[in-house]
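Just so it is clear, none of the values below were taken in a lab; they were calculated from the coordinates. Note that the structure is predicted; figures quoted are calculated from it, not measured. FYI the Cβ positions are ideal-geometry reconstructions off the backbone, even for glycines, and counts take in every protein chain you see.
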Amino acid sequence: MSMHLSAAAAGFLLLAGIGAAAAQDVVIEPQQETIVREYVKKQPLASVQLPGVELNVGSTVPDTVELHEVPDVKYRYVVVDNQTVLVDPGTRRIVKVIQ
């Protein structure tokens, strides 16, 4: 019986580890964040409203929202509620909200 519990515990820990890895935040290097901040200052965009979308890492930005490029940064950005939001263009998931 203890062998069965150990296998179940090991399986649970494995699944928990996979979930934790998938939920990890994307790390934006400070240098990239500085590049984005300076670019956004020089290329100001009108802030958009996204009713029903929470500005949290992992939230998805609707397809109707235009994402803008920043040179030398793989993520795109949009300004929502006067906050710069970095978005993964492939998944349209928010990876960073820059205050």
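Which residue pairs have Cβ atoms closer than 6 Å, lie 6 or more positions apart in sequence or on different chains, and pair a first residue in the range 51-70 that is within 25 Å of I35 (Cα to Cα) with a second residue that is exposed (fewer than 13 other Cβ atoms within 10 Å of the Cβ) and of a type in the set (D, E)?
Partner pairs satisfying both residue conditions: V57/D25.
Yes or no, residue by residue, for (1) of a type in the set (K, R); (2) at negative phi; (3) surrounded by 16 or more Cβ atoms within 10 Å (Cβ to Cβ):
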position	(1), (2), (3)
Q31	no, yes, no
A46	no, yes, no
D63	no, yes, no
D72	no, no, no
T84	no, yes, yes
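Checking K74 against (1) under 17 Å from Q99 (Cα atoms); (2) under 13 Å from the mean Cα position of the chain (by Cα), which single condition isn't satisfied?
(1)
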